[in-house]
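Only one structure is covered here, and it is reproduced in the block below.
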Number of protein chains: 2
Amino acid sequence: MFLAAGVSGRDMNKPGKPLLAESMGIIAATIYMVATMIFLPIQFYQSIVKEPTTSISETHTFPYDKLGQYLSALLSLQSMVFLGFADDVLNLKWRFKLFLPTIASIPLLIVYYLSHGVTHVIVPVQMRSVFGQSLDLGPLYYVYMGMMAVFCTNAINILAGVNGVEVGQSLVISMTVAVYNLMRINSDNPDTAYCHLFSLYLILPFMAVSAALFYWNSFPAVVFIGDTYCYFAGMTFAVVGILGHFSKTLLLFFLPQIFNFVYSCPQLFRLVPCPRHRLPQFVPSLSPHTQPSSASNVGGSSDHDAEAEECLQSDADSSHTVTPLRRTDGILEPSWADLSGASATGLLIIRIFAWLGLVHTKYDERANLVGYTNLTLLNLILVKLGPMSERRLVWYTLGIQALGSLLALFIRHNLATLIYEDTYK
Amino acid sequence: MFLAAGVSGRDMNKPGKPLLAESMGIIAATIYMVATMIFLPIQFYQSIVKEPTTSISETHTFPYDKLGQYLSALLSLQSMVFLGFADDVLNLKWRFKLFLPTIASIPLLIVYYLSHGVTHVIVPVQMRSVFGQSLDLGPLYYVYMGMMAVFCTNAINILAGVNGVEVGQSLVISMTVAVYNLMRINSDNPDTAYCHLFSLYLILPFMAVSAALFYWNSFPAVVFIGDTYCYFAGMTFAVVGILGHFSKTLLLFFLPQIFNFVYSCPQLFRLVPCPRHRLPQFVPSLSPHTQPSSASNVGGSSDHDAEAEECLQSDADSSHTVTPLRRTDGILEPSWADLSGASATGLLIIRIFAWLGLVHTKYDERANLVGYTNLTLLNLILVKLGPMSERRLVWYTLGIQALGSLLALFIRHNLATLIYEDTYK
């Protein structure tokens, strides 16, 4: 159905670049919305049957505030899923991608405000002489929360490019959130306990649909997830972070994403030339079951393309015979960016990164710096550990994510008194 | 952007069948969602500033029930818009189109239940000896309301096919709803008054975005609206009908749609053969600015297609010269359905309809009944009033809709005591 509608994309890291159905996140998101809506009457069943339907005076025994919280969460989520799918189909402009998520956060922020959400941050002890014990950010805090959705969405969208890595990282983050919720759900404060129960209501079905999607999207991918899934996942995290009153803790669960963002900054802000695609490069010559190429392909993008086209041809020829997908375990190398036209600042940054061992560099015959490996976490793993299969790269990345989560939970529970405090009063 | 993404369709009733952008209802729906979300803090502004943010004990001064009502309305709407757009892009199967709107109605029904919605209908006086004064439908009433969304959506979707008729009828219905709300908003019962205020909150922005869309979609259409708009409009009406507690009155505003449905039944339920497209037939030979054809086109569908293809050709040739759109005011005739293979029942139905003057029929040389005009309101207008331009056909249809609305308001306010009663206790 998706292929027929032209909602599809090519898997660049496979021999023959097969055409896969795109935007499969819409299925996951739809199932999620159906499940959470069906859970709506179940969640409030006790309150509903207790509620007398004939007397108006006792209306307030029903927990309308909790209903509003749940509805606003679903509304913001549904809006983002809609936006994500529209983006997949229509390729929205950037201004819409920044403006519309902010609008979609309005219901969340209203409900956060009504639930007496705090707007102050605890100042780390080292800085208390300057700012005092806590700093009330007031409206700025709402701006910060309004940007959570944009941050979470793009954090996941930016660490992408190989099969299953977007869904995998979301799965790890959601598990971390669930563990954190379970650790806190027995809090003596009933409001805190409810916050974490509420978060579980939303994160458990998310884990379920993500696991199913991961099955289809992990190496070798049978489907792509599209921006729809990134929007959906990002907003789910933003929703539980904001309405669960642990938005600052949530950021700790995004350590690899934050590192990836900081590492990418020179490219994102165009301090150094940035190619359109930065995903690791598939090297057919190093992969089993493809003919070895005579020329070295490292950095030779035109060579590589020509060879890929050949593969495409041969794949099209053999498309009638069903070949087991698992066979094509291609080898990935870091992809390269060209440094021609780079500013002096740009060259300096790359030299520093090279000195720190964070990039590989390439020199021409006159010893000019002409190329460097793209600044993404995936390329960095390949720089540090050498070329590897796509499957292994994904598992390394998810391993890093899991280690990051353990570190985050450790920080939150052992160093928390330094920086954090319960945000729910 | 939409044309580039392949979200487009051909206008069959114009010379050359130009390609227009489809699904433009998504723009209207997105603007609507943005407007209603921005209205969220405005609507509750007084309650929010009154609400003390430090004391939990006074939480219940905030009208959480109204917030829940508004949020559930937006959630159901957003879900249907999402579904509509997915349908436009992916051509969903029928089982999803019936199943998913029902799920999307859950938030509405929960909130309706909580607002002490009645589930009984007043029995008309003539039948009170049998059923008593009122009949409590209980859960059946919720099934009825759950089907409102499906009914409203399809009621609009089915009276379609010429430029602007879907948006135009929705515009007329929404104006009728607004007038009805204004007539009732000064009710002595504050709950009734709030219901109609709530309905206005949702129907006024709907009127605004529909008017804008009508400007672009009315003859000669520059864009198409797609299923997205029909889902969006249908759900808007269902939402205001259910949460405004006037779902039965709302049905009165759909008189032309209900007539169209009943009139179409023999075709919809396949009692008589039904062609895939039933929209009125464009006759180039009767239209100005196209060469008259030598053969008569009435009922000659293959002739017509051939000619349309010629037009397509000539239009493609002349596509470099920008021709003013307003010139091509083509003439429409009723479209014909083939009766070969019809059952005896089918033939009888068509004979009865012909005897009532509701269809034109066609006989072969041996006096066998072989064709009839398709059973839609648009074709019926053409049968009764003769061939006319597309522009005029739309205005006649909208005139009928407006007359239906006047009749409905008259019935509601003068004959209501016979059948209706305030549904809000």
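A few notes on this one:
- Two-site label geometry, A:R366 and B:L197: point separation in nm, points 7 Å out along Cα→Cβ: 7.8
- In this structure, A:S129 and A:L385 have a Cβ-Cβ separation that, at R0 = 45 Å, corresponds to a calculated FRET efficiency of about 0.50.
- Inter-label distance, nm, simple model (7 Å from Cα along the C-beta direction), A:N414/B:L204: 5.9
- Other residues whose C-beta falls under 12 angstrom from the C-beta of B:L20 contribute a net charge of +1, scoring Lys and Arg +1 and Asp and Glu -1.
- Label geometry 7 Å along the beta-carbon vector: A:L98 inter-copy distances in nm: 4.8
- Computed packing ranks the peptides B:389-401, B:32-44, A:336-348 as B:389-401, B:32-44, A:336-348, most packed first, by mean other Cβ atoms within 10 Å.
- The residues B:F353, A:F254, when put in order of fewest to most other Cβ atoms within 10 Å, stand as B:F353, A:F254.
- Inter-part distance where segment A:196-243 and segment B:169-220 are each reduced to a Cα centre, Å: 38
- Across the identical copies, the label point of A:G386 (7 Å from Cα in the Cβ direction) is separated from its matches by 8.9 nm, in order from shortest.
- By the beta-carbon count within 10 Å of each Cβ, the least crowded to most crowded order of B:I26, B:I352, A:I381, fewest first, is B:I352, A:I381, B:I26.
- Label-point separation, A:L268 to B:L92 (7 Å along Cα→Cβ), nm: 3.5
- Beyond 30 Å in Cα-Cα separation lie the following of the pairs A:K93/B:K14; A:K66/A:K248; A:K17/A:K362; A:K14/A:K362: A:K93/B:K14.
- Nearest-0.05 FRET efficiency for B:D136 and A:F259, computed from C-beta distance (R0 60 Å): 0.45
- Neighbour counts of other Cβ atoms within 10 Å put A:V111, B:V130 in the fewest-to-most order B:V130, A:V111.
FYI, it's all coordinate maths here, none of it is from the lab. The structure displayed is predicted, hence computed values, not measured ones. FYI the Cβ positions are ideal-geometry reconstructions off the backbone, even for glycines, and counts take in every protein chain you see.
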